[in-house]
Amino acid sequence: MSNTSHSDAVVALRWRDSPGYGRLEMVDQTRLPAVFEYLSYDSAAGVAEGIRSMVVRGAPAIGVAAAYGVALEALRQQSQARAVFDAALDAGFTVLAESRPTAVNLFWALERMRRCQTHHINESAPEIAAALLAEASAIHDEDIAINRQMGEYGAALLPDGARVLTHCNAGALATAGHGTALGVIRSAVAAGKRISVIADETRPFLQGARLTAWEMVQEKIPVTLITDNMAGHLMAHGEIDAVIVGTDRVAANGDVANKIGTYMVAVLAARHAIPFYVACPLSTIDLSVASGDQIPIEERAASEVTGFRETQWAAEGVKVRNPSFDVTPAELVSAIITEKGIVPSPNADSLRALFD
Ligand code: MRU
């Protein structure tokens, strides 16, 4: 398989071939940046647990991981009787679909894998397994190419010298490579623009502090880390020229679900007349949901809010809310950057036109 050949410094997922089977290796993003370690997976249930526990996270990366999860299950079961193989594969699809609810790329990738299975349904189990692995690998490779294409389009939006705020991590770690929002920044830097990044720390899971800041430091792109409640102050003092974020699901009307806190940033950006850009592949746009209020929002464990790892700072037994995503209404989005081009002020018509 060819997908380990790209040159990005940060590789979140990689496939390791072995005769007759293989394994998926994923950087454990729960431990970055203190520990850089790949964990190895050989089953759908294992990959589903990696997604649920956020070893791998970020919408496109979750989709790629889920696709490999299906392929791993098929390879694992390929010498079983056909009925056992089929049942195991069905169970694999189910456990992966139940891992996280918000990022539509997960369901998009599983649907694509299901279509591949159906297409090869009259072949032997090993042939189906080989076809599923080829499909997962294609999804992996395509994601890198799409991110580079988005990067090229999006880079044109950033003036030389721009100070760009981002929320959460929409970088190489959140994708097969290059990144969506950080991909735009990488491409602008590669085009010779002097870009600096302001990274929101992104409570409670700290994707900004732990992942985005780390990615930028790895690549020597100037980055300044702030806590989430500092963005308004910096905007009011003219220290931010643009905002770019990724997204987990865009509704048909252009509403954007992304990491909790994104909505707050979008409101602030509008208040200060700062452009608010969203970078995402077409696989993140879900025309089947009319508006953002229909997007399922994951609620995660209270322990993410009451403390971090071994440290607990909140009172024992306190009531907690931990919605992991919020919805930014389309009216606050200056443009969506996709692999098919830039969609200014997205709405139902302009988003549907992307799929024609
Ligand atoms: O909970 P996470 O870390 O999976 O959330 C990730 C985000 O919100 C990203 O911004 C989004 O998936 C886009 S990644 C290119």
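The values are calculated or read from the model by the stated rules, or taken from the named source; none is laboratory data. What you see is a predicted model; the values in this text were computed from it and never measured. Glycine also receives a Cβ, built like all others from the backbone with ideal geometry; neighbour counts cover every protein chain displayed. Side chains included, ligands, DNA and RNA excluded: accessible areas come from the protein's heavy atoms. Shrake-Rupley method; radii C 1.70, N 1.55, O 1.52, S 1.80 Å.
As a summary of the residue check, THR30 satisfies the conditions (1) part of a helix (DSSP H, G or I); (2) closer than 23 Å to GLY246 by Cβ; (3) open to solvent by 20 Å² or more (accessible area, probe 1.4 Å) except for the one numbered (1). Look at region 198-209: where a residue is at positive phi and a partner is at pLDDT below 95 and open to solvent by 30 Å² or more (accessible area, probe 1.4 Å), sitting 6+ places away or on another chain with Cβ atoms under 8 Å, you get LEU206/PHE308. Based on what the data block shows, is MET113 within 15 Å of the ligand (Cβ to nearest atom), in contact with a Phe, Trp or Tyr (Cβ under 8 Å, 6 or more places away or on another chain) and within 29 Å of LEU32 (Cβ to Cβ)? Taking the combined requirement at face value, the residue does not satisfy it. Only one of the numbered conditions (1) within 15 Å of the ligand (Cβ to nearest atom); (2) open to solvent by less than 40 Å² (accessible area, probe 1.4 Å); (3) at negative phi; (4) not β-branched (Val, Ile, Thr) is violated by ALA242, and that is (1).
Residues are listed down the side, and each one gets a yes or a no for (1) within 16 Å of the ligand (Cβ to nearest atom); (2) more than 30 Å from ASN322 (Cα to Cα):
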| site | (1), (2) |
| --- | --- |
| GLU152 | no, yes |
| SER187 | yes, yes |
| VAL217 | no, no |
| PRO222 | no, yes |
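Against the criterion of being assigned to a helix (DSSP H, G or I) and within 16 Å of the ligand (Cβ to nearest atom), VAL305 qualifies. Considering the conditions (1) within 16 Å of the ligand (Cβ to nearest atom); (2) outside any loop (DSSP other than H, G, I, E, B), ALA45 is excluded by exactly one of them, (1). Of all positions in region 55-69, none carries a residue that is assigned to a helix (DSSP H, G or I), modelled with pLDDT of 95 or more, surrounded by fewer than 20 Cβ atoms within 10 Å (Cβ to Cβ) and of a type outside the set (Phe, Trp, Tyr).
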